[in-house]
Amino acid sequence: MPLSGLDIYKLLPKTNCRRCGLSTCLAFAMQLAKKTMSADKCPFISEQTKKLLEEQSQPAIRTLILGEGKDRFEAGGETVMFRHEEKFRNPCGIGFVIEDSLSDEEIASRVKKINSLKFERVGQVLDVNMVAVRQNSDQKRFVRATEIVMDSTGLPVVLMGSSPASLRQAASAASERKPLLYCATKDNFTQIASIAKDFRLPVVVSAPSLDELSYVTKELVSLGVDALLLDTGRKPLSEKIWDATQIRRQALKKANRALGYPEFVMAENDDPYEEAAEAAVHITKYASVIILKGIQSWEALSVLTLRQNIYTDPQKPLQIEPRLYPVGEAGENSPVLVTTNFSLTYYTVLGEVEASKIPSYIISVDTEGMSVLTAWAAEKFTAQAISDSLENSGIKKMIKHKNLIIPGYVAVLSGELEEKSGFKVIVGPKEAAGISSFLKNLN
Amino acid sequence: MEIEEILEKWSGGVYSVSIGACAEDGGSRKNTVRIGGQKSLPLLFKEGDIPNRPVIAFEIWDIPPQDWPEGLVSSYGKAPEDPLIWAQMCVKDFGARLLCLRLQGAHPDCGDKSPEECARFVSSLLEKVSVPLIIIGSGDDAKDNLVMPACSEAAKSERCLLGCATQENYKTLAASALADGHSIIAESPIDINIAKQLNILISDMGFALDRIVINPTIGALGYGLEYAYSIMERGRIAALSGDKTLSSPFICFTGQESWKAKEAKGGDKQGVIWEIITASSLIQAGADILVMRHPEAAKRVFGHISVLFGGNNSDH
Ligand code: SF4
């Protein structure tokens, strides 16, 4: 819980000496609570209070940068329990585990496959984020496997060593890539801390209970290591949900610093369907990094699409630039379709037009990212707006005909639109799925 | 330094709705399905009672399915050619405890079956299978207003769940459902205020709130799923905070939406996983009934629910 103005007032000298520039200590406290002034303005404020206020100004959940170079990514920094309260900020990292017991070639080919997991959806590139190397045998093999992985990918690496000594070796070999160390426990944290400090690396802290987790994070912070992620280990799924919910609540509602770190989840499962379903749980419920096993494209695409959905800003639907889009070798006799500039609508229409193999023009009207029906209800997708878009798009000079296909849901606009635009309106299907056959049967 | 867990204290809860009537309740079903009743957000067992698991309803049609991808239809072999055999297959081979019948054949574009024909189909379905039924119309308002009353009567006292009532068209369906002892699905277009308004309108007709199930209208994974996800979370929080007009369980047509997705048509596994992820993510938002299409996806989601709730439960 953030400190209120009154909470802060109680910590001030209460002398109303005005040295801060305000007439009372209370007024100053209010400004501090709003973070519009800095504590330094009061010369009499105690060191202890200053430190407390400083902590206050830090985000409740740390944001960490994982990896180095162009594939690095940010994890954590979340500010809400539910996406509708504002938004989820940093899309959770999706990574894949690689066993060091595989042969060199198997490792390289697996990494190659992981590198290839890139998809484009609604104008965004969806890609995966991490590779976790797990030690199964001796130190030498672990280091070798780490080196092969590093040679094969620029993705951030997680080192899952079975002992601090192995971790140190691998960390030393991989240090310039800023690997994530897995993991510090109540028994080994001093050794892990020294590796983390020597190479300046982030660390996953693993403990089965929140008490133990916060004990270890506090110890690590006092040792000077504070780039941490939290893992509560293998447990039944509902307990993982409970842990993740508690960790986020502790951080956001109680400003519990010891738990104010992003969450790390190992969600491996041999069955790709089950694994994806569990990943879905962790994506919706608070994980910042999820490590999986399945590298098939169809599994990765579904997991990454869910992440894209959940991390979309609810206030800012994905939009495309409102303009004229030629599809294929569109010419002067090609059909013209009008739709909104909501990415999902546009790309769905685009997909269907492409599937029809009939070169066409799509005009996207600026509906502020609303879908057809919503935009129509909000009066953003009106006869006037469509008519203006036709005018501004320059379509009139590019075609010989005057036919315009509109979405079936806004058939009611036909009359007014014909009047305003001078185009002949053809009412298209309600659902985009019907567009392809509609275009084919147009003539 | 023991950490004190932060527990939400909710004053409200979700109504518990029962589907299907056995002999002692005047029906002929062999099992009933109970949904809702939660006093907590999904899966937070320590915070309040969660008496029922989400359930899966297999979607069947009264005619062979149209516009279903080939791989989806063939997952039932030749059964969909005869909807009654298809229905029995869902129950016998795939362990369905709940069926969702869509009267697509009544649609003017899909056969335009008469109300009497539809009612007869419902009667034979009730004879052939003994699980509870959800019955939804063809999507053509005018036609559904003729068909649904006939089907409602044909299933009198079986305590079906009938749908879908909308803000523009709810009176006929609500009156029939009320007269014949059924519950009702209230559909709103991803809009929490309309959901609330419609529940009020329907309850004003004399419907008990514990006989309404909300269809929040979902989008599939990649097709607006997040809108429904957040509407459902908001609705559930409102319910738990004591808003009785939003305290109905949710029904999600995950099969219908998932198989429309371009990705779902891109390969069998891609389609199955698309439906699984659509369903499993909506469970996290509070889905109570998942109406599903692919038997493999249904099986996987059933397994996932068992993992979430611990152990197997033959009741579902
Ligand atoms: S300078 Fe400090 S003590 Fe003086 S009025 Fe401001 S807050 Fe109070």
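Here are some notes:
- Nonpolar atom fraction for segment A:5-57, defined as the carbon and sulfur part of the 1.4 Å probe accessible area, stands at 51 percent.
- Values of log10 I(q)/I(0), in the order q = 0.08, 0.09 Å⁻¹, for segment B:51-306 under a Debye, Cα-only, solvent-free model: -0.28, -0.36
- Sulfur and carbon atoms: percent of accessible area, chain B [1.4 Å]: 49 percent
- Value of Rg to Rh for chain A (Rh from inverse mean 1/r over Cα pairs, i.e. Kirkwood): 1.09
- Helix axis angle, A:272-284 relative to chain A longest principal axis, alpha carbon, degrees: 80 degrees
- Trypsin sites (Lys or Arg not before Pro) within segment B:51-141, DSSP loop, no more than 16 other Cβ atoms inside 10 Å: B:78
- Amide H contacts under 5 Å for residue A:405, placed H, 5+ residues apart: A:336, A:337, A:338, A:426
- Within segment B:145-272, all pairs of alpha-carbon atoms sorted by distance into 10 Å bins from zero give the percentages 13, 38, 30, 16, 2.
- Of the residues A:158, A:289, A:122, the one that moves most in a GNM of chain A with alpha-carbon contacts below 10 Å is A:122.
- Centroid-to-centroid separation of segment B:57-133 and segment B:149-164 [C-alpha atoms, Å]: 16 Å
- Computed label-point distance, nm, for sites residue A:74 and residue A:120 using a 7 Å Cα→Cβ extension: 2.6 nm
- Count Lys and Arg as plus one, Asp and Glu as minus one, and take only other residues whose Cβ is under 12 Å from that of residue B:259; the net charge is then -3.
- Of all DSSP-defined beta bridges confined to segment A:63-310, some 25% are antiparallel rather than parallel.
- Residue range of chain A that is longest and free of GluC sites (Glu not before Pro) which are both DSSP loop and sparsely packed (at most 10 other C-beta within 10 Å): A:1-328
- Highest-fluctuation residue, A:371, A:103, A:162 considered, GNM on chain A with Cα pairs under 10 Å: A:103
- Residues losing 30 Å² or more accessible surface upon assembly, segment A:81-104, compared with the chain by itself, 1.4 Å: A:82, A:83, A:84
- Antiparallel bridges, percent of DSSP beta bridges restricted to chain B (to nearest 5): 15 percent
- C-alpha long axis of helix A:189-199 to longest principal axis of chain A, angle in °: 60 degrees
- Buried solvent-accessible surface, both chains (B, A), 1.4 Å probe, Å² to nearest 100: 4200 Å²
- Segment A:324-440: relative contact order as a whole-number percent, Cα under 8 Å and 6+ apart: 30 percent
- Estimated FRET transfer efficiency when R0 is 56 angstrom, pair residue A:391-residue B:94 (beta carbons, to 0.05): 0.50
- Cα shape, the protein assembly as shown, gyration tensor, a/c 1.5 rule: prolate
- Surface share of carbon and sulfur [accessible, 1.4 angstrom probe, percent] for segment A:324-440: 51 percent
- For the protein assembly as shown: accessible area per residue (Å², 1.4 Å): 40 Å²
- Between residue A:58 and residue B:78, the FRET efficiency from the beta-carbon distance, with R0 = 60 Å, is close to 0.40.
The values are calculated or read from the model by the stated rules, or taken from the named source; none is laboratory data. Bear in mind that the values here come from a model prediction, so they are computed numbers and not experimental data. No Cβ is skipped: glycine too gets one built from the backbone with ideal geometry, and neighbour counts run over all protein chains shown. For accessibility, only protein heavy atoms count, side chains too; no ligands or nucleic acids. Shrake-Rupley method; radii C 1.70, N 1.55, O 1.52, S 1.80 Å.
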